[in-house]
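The block underneath contains the structure these notes are about, expressed in structure tokens.
The values are calculated or read from the model by the stated rules, or taken from the named source; none is laboratory data. It should be emphasised that the depicted structure is a prediction, and the values quoted were computed from it without experimental measurement. Glycine also receives a Cβ, built like all others from the backbone with ideal geometry; neighbour counts cover every protein chain displayed.
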Ligand code: TRP
């Protein structure tokens, strides 16, 4: 039974590579903060990954494992939160199939998140890709989740999930909670190249698993104010990636303010601003790297966490699905 004293969180990532610092401020931080307050389920959405890349299962598995380690590394506690593999819960496919009947094609192709992704990645999308919001609705509603911490780009998908839940409830009777989305402290983190969004595929990401040397190289080559040629030129702080990162990751607010003041006056060079950012980011990543290494060195322990988590998650889903089948009357003739 659902533990009535605690509300539920379901969220996760499509494994398309390792997670980056944009994921951290956009979504991961909320997971960590809320894991003790909510009954928390973290999904490794490998079925979603097949929807855009069915030809490379080994690559998907590699990504799944890395995203799994990233989640542990940032501080999700496997004793508190349940981390699980989507495909280990076949009931999700079942719910997905039922939900496919409730969404019109025209509604589906209007989803702005899906439209943007198709444009951005220049895809000729598979049916599964266009339908991924429906699979995501199945992920969320299979747990009867109350809250879904996600990045800002996912809001239209959560809206569609709410629509599906309402349609189901209106048709078959109250079954699903209407889930709420929760976005992170920084909705959309800029890329190191100054592009609007940090992304795994864009080659402009600082990964949570970057080592010190890689981090240094990336930080020193961050795009800054293009109009500033000399350190004595007054520079622009607003919208400048290097300061956006300082604001997001440097806990020393006095130092950040001082750097901003001097940047605007033309009394500090890019190099010093970047060096200080490197120190702040490196301090932030150090414990994350350490925890990642702990699990990298103990693959058996990590695997056990995933197996146990998937079992636990499946139990929760089976309770919800029992009710769903009854409501839809789908198996009435054989039960
Ligand atoms: N589509 C999400 C993303 O790309 C990942 C995801 C899959 C997800 N299923 C989910 C997120 C369920 C929240 C809830 O980031």
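The residue of the stretch 150-162 that is surrounded by the most Cβ atoms within 10 Å (Cβ to Cβ), among those that are more than 21 Å from residue 247 (Cβ to Cβ) and in contact with a helix residue (DSSP H, G or I) (Cβ under 8 Å, 6 or more places away or on another chain), is 161. Being surrounded by fewer than 22 Cβ atoms within 10 Å (Cβ to Cβ) and more than 28 Å from residue 34 (Cβ to Cβ) is a property that holds for residue 119. Here residue 313 fulfils each of the conditions (1) surrounded by 20 or more Cβ atoms within 10 Å (Cβ to Cβ); (2) not in a helix (DSSP H, G or I) apart from (2).
Filtered by the rule that a residue be part of a loop (DSSP other than H, G, I, E, B), over 30 Å from residue 265 (Cα atoms), at pLDDT 95 or above and within 21 Å of the chain's Cα centre (by Cα), the stretch 198-222 gives 208, 209, 210. Considering every residue within the stretch 223-235, establish whether at least one is within 16 Å of the ligand (Cβ to nearest atom) and either part of a helix (DSSP H, G or I) or within 25 Å of the chain's Cα centre (by Cα) (or both). No, there is no match, as no residue in the stretch 223-235 is within 16 Å of the ligand (Cβ to nearest atom) and either part of a helix (DSSP H, G or I) or within 25 Å of the chain's Cα centre (by Cα) (or both).
When the stretch 258-310 is filtered for residues that are outside any helix (DSSP H, G or I) and touching a helix residue (DSSP H, G or I) at 6+ places or on another chain (Cβ under 7 Å), only 268 remains. Among residues of the stretch 93-117 that are under 16 Å from residue 159 (Cα atoms), those with a Cβ under 6 angstrom from a residue that is assigned to a helix (DSSP H, G or I) and modelled with pLDDT under 90, sequence gap 6+ or separate chain, pair up as 113/153. The listed residues are 61, 46, and the only one of them that is touching a helix residue (DSSP H, G or I) at 6+ places or on another chain (Cβ under 8 Å), within 13 Å of the ligand (Cβ to nearest atom) and either closer than 25 Å to residue 147 by Cα or without any contact (Cβ under 8 Å) to a residue 60 or more places away in the chain (or both) turns out to be 46. How about the stretch 88-116: which of its residues are surrounded by fewer than 14 Cβ atoms within 10 Å (Cβ to Cβ) and within 18 Å of the chain's Cα centre (by Cα)? 112, 116, listed by residue number. Residue 245 - would you say it is within 30 Å of residue 61 (Cβ to Cβ) and either at pLDDT 95 or above or surrounded by 15 or more Cβ atoms within 10 Å (Cβ to Cβ) (or both)? No.
Taking the stretch 79-136 as the range and being under 24 Å from residue 320 (Cα atoms) and in a loop (DSSP other than H, G, I, E, B) as the test, the residues that pass are 79, 80, 81, 89, 90, 101, 102, 103, 131. When residue 55 is tested against (1) surrounded by fewer than 16 Cβ atoms within 10 Å (Cβ to Cβ); (2) part of a helix (DSSP H, G or I); (3) more than 13 Å from the ligand (Cβ to nearest atom), just one condition goes unmet, and that condition is (2).
Does residue 75 satisfy the criteria of being within 16 Å of the ligand (Cβ to nearest atom) and either surrounded by fewer than 19 Cβ atoms within 10 Å (Cβ to Cβ) or not in a helix (DSSP H, G or I) (or both)?
Judged against the criteria, residue 75 is not a match.
Remark: pairs (first residue in the stretch 309-335, free of Cβ contacts under 8 Å to residues at least 40 places away in the same chain; second residue not in a helix (DSSP H, G or I); Cβ separation under 6 Å; 6+ apart in sequence or on different chains) = 325/331. Selection of first residues in the stretch 25-43 that are closer than 18 Å to residue 138 by Cα and of second residues that are within 15 Å of the ligand (Cβ to nearest atom) and assigned to a helix (DSSP H, G or I), restricted to Cβ pairs under 7 Å at least 6 apart or on distinct chains, gives the following pairs, ordered by first then second residue: 40/31; 40/34; 41/313; 42/31; 42/71; 43/86; 43/139.
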